Structure formats: structure tokens, C-alpha cells
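For reference, the structure discussed in these notes is given below.
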Amino acid sequence: MTESIQGNGFAIQTFSISRKFRNFVAVDGIDLSVKEGELFSLLGPNGAGKTTAIRMLCCLLRPSSGTATIMGHDIQKDPVAVKKVIDVSPQETAIAEYLNARENLSLMGGIHGIEKELVKKRSEELLEMMGLTNRSKERVKKYSGGMKRRLSIAMALVSDPQVLFLDEPTLGLDPQSRRSVWEYIAELKGQKTIVLTTHYLEEADALADRVAIIDEGKIIALGTPRELKDSVSDMQVMVVKAKNLTFDAIEGLREIFPEVREIEDGIEIKAKEIGFFDVVDYLRPKGVIIESTSLKEVTLDDVFLQLTGKELRE
Amino acid sequence: MRFMILAKKNFKEIFLDYISLVFAIALPIVMLLILQTFGRVESFFNPTNLTPGIVVFGFAMISLSSCMTLARDRDSALLSRLLTAPLSANDFILAYSLPYVPVVIMHIVVLFGTGGLLGLEISGNAGLVLLILFVMSIGYIGLGMILGSVFTYKAVPIAWQAVNLLTIFSGAWFSLEIIGGGIQSIMNALPFAHAIGAARDVMVQGVGFSDIATDFYWVLGYTVVFVALGIFLFRRRMME
Ligand SMILES: Nc1ncnc2c1ncn2[C@@H]1O[C@H](COP(=O)(O)OP(=O)(O)O)[C@@H](O)[C@H]1O
Ligand SMILES: [Mg+2]
């Protein structure tokens, strides 16, 4: 059976995988297929079951029922084979604080059985890529949160795994460090299969080929970011900030665009297609002074809101 | 031999986190120096009587260092990350216990060296003394594995106090006879008093193996139980 799965183009397949903690169901029958080379994101709020799912796929937690295969190897029957092809950057910054960055990287290379010279070469590249080269001989205890996080991600890359799990790689980072981590992940894209969990919708949107939205242990939506956003609404939303907006002008506009909402300092128009000049050419002759117009994009937050009635952001 | 790479990391950490090393090596020496000065008022406090107990007290300190290392790596999820590498359970168990064996040996050498300078004498077989102490030290490393697998980094020093107190009340710093009563019989049910007592008897009275055989097997039995339980609890943590 294992052979038949291998080579079907899927790096990961899960089969109704579930995990209970006592009576609490943390992961509830997930079926997923992740293609080789794909960057796949699990997006969901805190407590949705993302980490539990990742820990099962990494052979750290036993599924209560169901199973999964990684590169064709069953996670329960052949964990050793699975461990040879994966690596993971856990949600916590999992580093050896008393060692320096180089020692941390060679520890990971060593226990994966990578040859010393190759570990050295890869460490240089990774330190360079993560911007840690000039502090690589310092004990990592002294690093900033952002540096520790970057090292933690680098440690998952030394073994050059076929399948890489990144559990909330930018959790708790300042916006600038977050951007730089995104850039590193974007560089890796296409080279290996990556599963990235996050509760930042911008992260999933910016990086993922496909996104699975997870809530209360279940996958509630799956698709490319575009598909997901289109599924919520094929309507455009335009925000017009303006002065001198008269009742007449708004009523008149409603004849062209039925859904016009008054907001602070202006109006919000919702329609299948909104032509910029249709709006401007109508309002100007009525004496309205337009300060700005902008098209508002549907976000994955809207997708989540529509599916669950809850906001993704806390 | 991949466990050696992880063992090397743990060995390095013992020395980098030097506070626990200072406790494990230096504190027992200081204890020995202080306690032997009481020898002027109470004849029990001479280096020959004191050294075996304080050596065992040092083992308790070393077990603290070992359970802290394990608990720290569990807390920081470094252990999770290491567990996703293709290493076996035995590799991990060796990597988190073997690095303490050289520390134990160093501790025994340094403490007996200090005792020697203060006039310690071994009337019986020195090899027998070392054997029983060494078996006991492996038991303490097993205890470290148990505590490190069960408690968090913050809780581990508190839980370890139980090991520490049991060691002290087993006669590490004084003669168990002074305490007597119920406490003495509880301590006699545990291995620590047997290890200290047997080592003392060989050193002071020069008795042979047959006289301490019961003590020796008592210690050996507990060591096997501690190590087996440590391995069991660690394995349970590997895939929850
Ligand atoms: N070891 C555990 N014991 C009990 N409950 C757990 C355990 N691990 C996770 N949970 C619970 O399972 C749910 C999912 O957790 P988790 O997978 O960490 O979510 P996420 O990573 O999406 O934030 C949470 O409600 C969490 O409290
Ligand atoms: Mg999580």
C-alpha cells in the first residue's frame, strides 16, 4: 500500500486524522493532501488545533484515530522513515540557549546524520541568509527574540528536509522581523514542500499556494487565497472620502449602485463592478468634493467571519 | 553513534551552566572542610567517616543538574525538535545520562583527593568503596531522568528537594544513628543510607564484600528500578 501512494505527487496525505485530549477533540477528522513542492498553510485562531495537527504529522503525538502519510510513509507504522524526510520549526523558539548559533546548527545537522563538511557549508549559508553571521559565535541566550526565531527556523533547514513544517514562524515578532522571515520563507518556496501554520491572515495570504482554514479542529475551507476570497463575495467595495455630500447626491448614486452605505467622512459602495469614472463623473457635477477613493479588498478575515461568524483577529 | 552528538551538547551545557557544576563539585568540598572541623568536639566528624556521605550528597547535586537539563529542553521544545530527528529512544536516553558519568567520576576523585589531604584512610578494599558509590551514582542519574521527564523546568528544583532531603537524612552529613527512630527505619528502606553506610564500613572497619552484600544488592536493586522507571517515563514522553 505504501508503495502505491509514493510518487503520486502528494507529499502529505491525511486520512480522517483526529486527536483527543481526554474528552476534548483538538483535531477532528482532517483530510488533506499537500502536493510536492507546495507551500500549504493552516490558518486558524489560537486553539484551532494547528499545533496538534503538526505534532501528529511529525510523529510527536499519536493520532486517536485516522492516520497520515509523509512522502508515502505512514506516520504510525514507519515513523523512522518519516523522520528522515521531515524537519520542523516548533511554535516555541526551540534552541539550545547555552550554545552559539553555529553549535546549534551543527547539533541539528549531526543528529540528522549529515556529513560534517556539508553541515559547515550549509550553516554558513543559513547564517548569512538569516543575517546572523557576525553574531554566530555568541551564546544565543543573549539574542533578541527575532534573532532566536530566525535561528530556530534555520535549525530546521540544516538537514535540507523534503518536507518542512513551520509552526507559527513569526509568532510574537515585530513587523520588521516578520517581513524578513517572510522573505526567507518566500525564497524557500518551490524548493521543498512546506506546511506553515499561522493565525496571521496576511501571512497565509502573502506566502501560501493553498490555505486550509481550520477552526475547532475541523477544516472549514480550502483553496488558493484568491479562491477563498472569491468564495465569500464577488463584489467590489469602494470607499469614497468626500466633503459636501448631499442627500440628493447619495440618493442619485443609489440609482446606479443600489448598495451605498454612509460612513464617516464619506460613503462605501458595494457592487459587482465599480467604475472609477462612473462614480467621480456623477458626484463632481453635484458639487461633491472628492478627497480620495479606494477599492477595499476582501481579506481572509472576511472569509473566516462569513464561515464562523467570528473574527480571526483577537 | 549519533547519540554522541547530542551527548556532547549536554556535556558542554553542564560546564557552560557552571552554577550547577559549582554546586555539584565545590559545595561538597566546602561541606567536607566545614564538617571535619567539628571533629574536635565529636569524633564522628573525621574525613574517613564523612567522605562517603558527602560524595553521595554530591550525587544528589549532580542529579539536580541532570534533571534541569532534561526539563529545560522539554520546556523550550528543543527536545520536541530533537525527537523529530531519526534517533532511537536509546540514543536519547544515553545522550541525557552518559554526560554525567564523567562528572560523577570527577566528583569522586576530587572529593577523595580532598579527604586524602585531610587524612582520610581506607582500611578495607578501595575498589569496593568505589563500586558501591558508583552504582549509587547511576541510581541518582536515573532519579534525574525521572524528575526531568515529569516536572517542568520551574518545578524540577522543588521536586528535587525531596531527593536532597532524603539524601541528607540518610546520613550524608552525620551518622544515621543520631537520628534513630522512625526516620532511621524509613531511610533504611531507601538505598541512600545503605550506600553511605556500606562505604563507611569498608573504609573505617575494613569489612569485606560478604559483610556489605545486603547493602550492595539493596543499592543495586533500587538503581535498576530508578533507571528503568526513568527510561519508561522518558519513552512515554517521546510520543504522547
Ligand atoms: N497536551 C494537551 N493536553 C490537553 N489539551 C491540549 C493539549 N495540547 C493541546 N490541547 C488543546 O487542544 C486545542 C488545540 O491546541 P493547539 O493544537 O495547540 O492549537 P493551535 O496550535 O491552533 O493554537 C487547544 O484547546 C488546547 O488547549
Ligand atoms: Mg499552535
Exercise for review: Amide H neighbours of A:Asn100 under 5 Å, at least 5 residues apart or on other chains, H built in the peptide plane: list them.
Suggested key: A:Val140
Study note, to complete from the structure: Along the range A:151-162, Karplus-curve 3J(HN,Hα) (6.51, -1.76, 1.60; θ = phi - 60°) to the nearest Hz, with x for Gly and Pro, reads 5, 4, 5, 4, 4, 7, 9, 4, 7, 6, x, 6
Check your understanding: When all C-alpha to C-alpha distances in the protein assembly as shown are sorted into bins of 10 Å, what percent of pairs does each bin hold, rounded to whole numbers?
Key -> 3, 15, 20, 18, 14, 12, 8, 4, 3, 2, 1, 0
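Can you quote the Å³ per residue value for the convex hull of the Cα atoms in chain B, rounded to an integer?
Cα convex hull per residue, to the nearest whole number: 122 Å³.
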Revision key, fill the gap. Residue-normalised 222 nm signal for the protein assembly as shown, counting each DSSP H run of n ≥ 4 as -39,500 (n - 2.57), nearest 500 deg cm²/dmol, is -16000 deg cm²/dmol
Revision key, fill the gap. Sorted on mean Cβ neighbours within 10 Å (highest first), peptides A:122-130, A:83-91, B:141-149, B:175-183 come out as B:141-149, A:83-91, A:122-130, B:175-183
Check your understanding: So what J values fall out for the range A:42-58 if you push phi through Karplus, 6.51 cos²θ - 1.76 cosθ + 1.60 with θ = phi - 60°, rounded to Hz, Gly and Pro as x?
Key -> 9, 10, x, x, 4, x, 6, x, 5, 5, 4, 4, 4, 5, 5, 5, 8
**Study point:** DSSP-defined beta bridges in chain A - what % are antiparallel, rounded to 5
**Key:** 65
**Study point:** Pair B:Glu121, A:Ser231: separation of 7 Å Cα→Cβ label points (nm)
**Key:** 8.7
Revision key, fill the gap. Rounded to the nearest whole number, the per residue volume of the convex hull around the C-alpha atoms of the range B:103-149 in Å³ is 68
Check your understanding: If you stretched the chain out fully between A:Ser16 and A:Thr308, how much longer would it get, using 0.36 nm times the residue separation minus the C-alpha to C-alpha distance?
Key -> 103.0 nm
Check your understanding: When a footprinting reagent is the concern and you count Cβ atoms within 10 Å, what order do B:Phe44, B:Phe192, B:Phe57 take, fewest first?
Key -> B:Phe44, B:Phe57, B:Phe192
Exercise for review: Report, in degrees rounded to the nearest 10, the 0 to 90 angle that the Cα long axis of helix B:47-75 makes with the longest principal axis of chain B.
Suggested key: 10
Check your understanding: Using modelled amide H (1.01 Å from N, peptide plane; none on Pro or chain starts), what sits under 5 Å from the amide H of A:Lys35, excluding residues fewer than 5 places away?
Key -> A:Ala11
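Restricting the count to DSSP beta bridges whose residues both fall in the range A:155-269, what percent are antiparallel, rounded to a multiple of 5?
Of the beta bridges lying entirely in the range A:155-269, close to 70 percent run antiparallel.
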Check your understanding: Where does each of B:Ser63, A:Ser65 land when they are ranked from fewest to most other beta-carbon atoms within 10 angstrom?
Key -> A:Ser65, B:Ser63
Revision key, fill the gap. Expected unfolding gain across A:Ala186-A:Asp265 under the 0.36 nm per residue rule, minus the alpha-carbon gap, is 24.6 nm
Check your understanding: Using modelled amide H (1.01 Å from N, peptide plane; none on Pro or chain starts), what sits under 5 Å from the amide H of A:Ile220, excluding residues fewer than 5 places away?
Key -> A:Ile213, A:Ile214, A:Asp215
Point to revise | Mean Cβ count within 10 Å, highest first, over the residues of peptides A:240-246, B:5-11, B:78-84 | key: B:78-84, B:5-11, A:240-246
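Measure up A:Lys272/A:Lys310; A:Lys84/B:Lys12; A:Lys83/A:Lys229; A:Lys142/B:Lys8; A:Lys192/A:Lys272 against 29 Å on the Cα-Cα distance and list the ones that go over. If you can, show how the numbers build up before the last one.
Values: A:Lys272/A:Lys310 25 Å; A:Lys84/B:Lys12 26 Å; A:Lys83/A:Lys229 35 Å; A:Lys142/B:Lys8 22 Å; A:Lys192/A:Lys272 38 Å.
A:Lys83/A:Lys229; A:Lys192/A:Lys272, as the Cα separations exceed 29 Å there.
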Point to revise | Selected from B:Ala95, B:Ala172, B:Ala126 as most flexible by GNM, with chain B as the system and alpha-carbon contacts under 10 Å | key: B:Ala126
Revision key, fill the gap. Helix B:126-150 sits off the longest principal axis of the Cα atoms of chain B, rounded to the nearest 10 on a 0 to 90 degree scale, by 40
Practice item. If a/c stays under 1.5 just call it rounded; otherwise compare a/b with b/c (prolate if a/b is bigger, oblate if not). Do that for the range A:196-314, with a ≥ b ≥ c from the square roots of the Cα gyration tensor eigenvalues. Key: prolate
Point to revise | Simple label model, 7 Å out from Cα along Cβ direction - A:Glu36 to B:Arg235, nm | key: 3.6
Exercise for review: Measure nothing but the geometry: give the 0 to 90° angle between the long axis through the Cα atoms of A:247-256 and the longest principal axis through the Cα atoms of chain A, rounded to 10°.
Suggested key: 70
**Study point:** Distance in nm between pseudo-label sites at B:Leu165 and A:Glu273 (7 Å out along the Cβ direction from Cα)
**Key:** 8.1
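Any read-out appearing in this document is the output of simple, stated calculations on the displayed coordinates, not a laboratory observation. As the structure is a computational prediction, the values presented were derived from the model and not from experiment. Virtual Cβ from ideal backbone geometry, glycine too; neighbours counted across all protein chains shown.
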